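The values are calculated or read from the model by the stated rules, or taken from the named source; none is laboratory data. This one's a predicted model, so the numbers in the text were calculated from it and none came from an experiment. Ideal geometry is used to build each Cβ from the backbone, glycine not excepted, and the neighbour counts take in all protein chains shown. Accessible surface areas use protein heavy atoms only, side chains included; no ligands, DNA or RNA. Shrake-Rupley method; radii C 1.70, N 1.55, O 1.52, S 1.80 Å.
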Amino acid sequence: MWLYLNGNEWAKRQAAQQGIAFTALDNGFASCEDSVALAEICSSLQARDVQLFFDRWQAALPSPLTAQDRERGYDHELAFRQAEISDTRMFDRPAAGRAWFERTLPDQLTLGRPDQVAVVFRRRVSRQTPGRFHTKIFNKGVEPAIQVHYRASKVKQYFKEGRALRTETTVNDTRDFGIGRRLTAENWNALVSIGHQVNQRFLDHQLAACQCAPDATTLQRVVLPSIEDGLPAPGLRFGDPRTMALLACLCCYQHLFAGLTNRSLRELIAGLIPGYTARQMTYDLRRLRRKHFIQRIPRTQRYQLTSEGRRLAVFLTKTYTRIVNPSLADLDPALPPDIAKRVPLAQAWRSFERALEERIKQAAITA
């Protein structure tokens, strides 16, 4: 038999019984006069409550088990079929929330590619791991959403009721995360913990990608040669094709759970720079280590990306691909005048050139 229990509705009934005023948001909360008390209610739901709910209905509904069967030890035992753990973040201004959400969706996909399932679930995926692993954006009506799949489980994020950012982790097979299927206090707590961790990791990663700008000192240390831990560290010069290809490939999400090797990273870079060699990769790995972008995984030949390394790689890659390259195209002197008139940056640049030429003439300086 199947047993359904809606934890959000359960929490609403508990809050109402305790006299806590709240505003509902479908199967969630939009606001509450006592958020601390509400949080305690939500965290108080345990495996024993689900078992009591089942026992109450089992006593009222017909059962194929007779009294003699129960005396012999036959009984029903609950197992997890599906568990959903949600996180709802309300925005002060709904319009700002929708703008943030719609800008974040393509940003996450273009930076990390579909391998970002690993960032969310932090589980190693190999050729022997069953299931599909992919990320997709879909539209239901006019509301966009993003889904990230891992084995039989997934995390979904969407803009709920035009007012809140909703993140939901759905586990369809607890064994995907090494958790037993039986309804026990240990399995329940482990499953709830996994759900909260996945939701928070997803949100943290999105925020980190939005707030990735380093301070001037850190930026100078990265792009210029420096001495790190007593060793010379060659600079990662911004704009250099090889450096930019290296940083762009570091943004691939697969590194965050499987690590990276000379070979795995070299194959990605070779797709952008034909002829890229293992010797060049060895040199680049050395300077990435000394610049603290990566660190070696103990007792292996693999490396993992540091949190600062990913933040800097994202910032430099986004700056180069989304600001520098498009801007250089707008500033091209060969840009046709009819197109330049429609591009604000091209108009401003040509106005600057004319003003500068006029200032040179006034100074009576000839080329």
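Structure notes:
- Meeting the requirement of 2 or more residues that are more than 30 Å from residue 158 (Cα to Cα), the helices (runs of 4 or more DSSP H) wholly within the range 7-66 are 47-60.
- Checking each residue of the range 130-138 against the condition of being open to solvent by 50 Å² or more (accessible area, probe 1.4 Å), at pLDDT below 85, assigned to a strand (DSSP E or B) and out of contact with any helix residue (DSSP H, G or I) (no Cβ under 9 Å at 6 or more places or on another chain) gives at least one match.
- Those helices (runs of 4 or more DSSP H) of the range 286-367 in which at least 3 residues are open to solvent by 90 Å² or more (accessible area, probe 1.4 Å), considering only elements entirely within it, cover 344-362.
- Taken over the range 198-236, the residue count meeting the criterion of being modelled with pLDDT of 90 or more and under 30 Å from residue 154 (Cα atoms) is 0.
- When residue 92 is tested against (1) part of a loop (DSSP other than H, G, I, E, B); (2) more than 19 Å from residue 167 (Cα to Cα); (3) open to solvent by 80 Å² or more (accessible area, probe 1.4 Å), exactly one condition is not met: (2).
- Residue 43 being at pLDDT 85 or above and surrounded by fewer than 16 Cβ atoms within 10 Å (Cβ to Cβ): yes
- If the condition is being under 23 Å from the mean Cα position of the chain (by Cα) and either part of a loop (DSSP other than H, G, I, E, B) or among the charged types (D, E, K, R) (or both), then the range 180-207 contributes 201, 204.
- Unmet requirement for residue 320, which otherwise passes all of (1) within 30 Å of residue 219 (Cα to Cα); (2) modelled with pLDDT of 90 or more: (2)
- For the range 239-260, taking the residues that are modelled with pLDDT under 80 and in a helix (DSSP H, G or I), the one that is most open to solvent (accessible area, probe 1.4 Å) is identified as 256.
- Subset of the range 52-78 (residues that are open to solvent by 60 Å² or more (accessible area, probe 1.4 Å) and touching a residue at least 60 places away in the same chain (Cβ under 8 Å)): 76, 77
- Cβ-Cβ distances below 9 Å connect the following pairs, each with a first residue in the range 81-97 that is under 15 Å from residue 26 (Cβ atoms) and of a type in the set (Gly, Ala, Ser), a second residue that is in a strand (DSSP E or B) and open to solvent by less than 70 Å² (accessible area, probe 1.4 Å), and a separation of six or more residues or different chains: 86/166; 86/167; 86/168; 86/169.
- Residue within the range 304-324 that is more than 26 Å from residue 201 (Cα to Cα), in contact (Cβ under 8 Å) with a residue 24 or more places away in the chain and of a type in the set (A, V, I, L, M) present: yes
- With respect to the stated conditions, residue 70 is at pLDDT below 90, over 30 Å from residue 159 (Cβ atoms) and assigned to a helix (DSSP H, G or I).
- Flag if residue 159 is over 15 Å from the mean Cα position of the chain (by Cα), surrounded by 16 or more Cβ atoms within 10 Å (Cβ to Cβ) and over 20 Å from residue 47 (Cα atoms): yes
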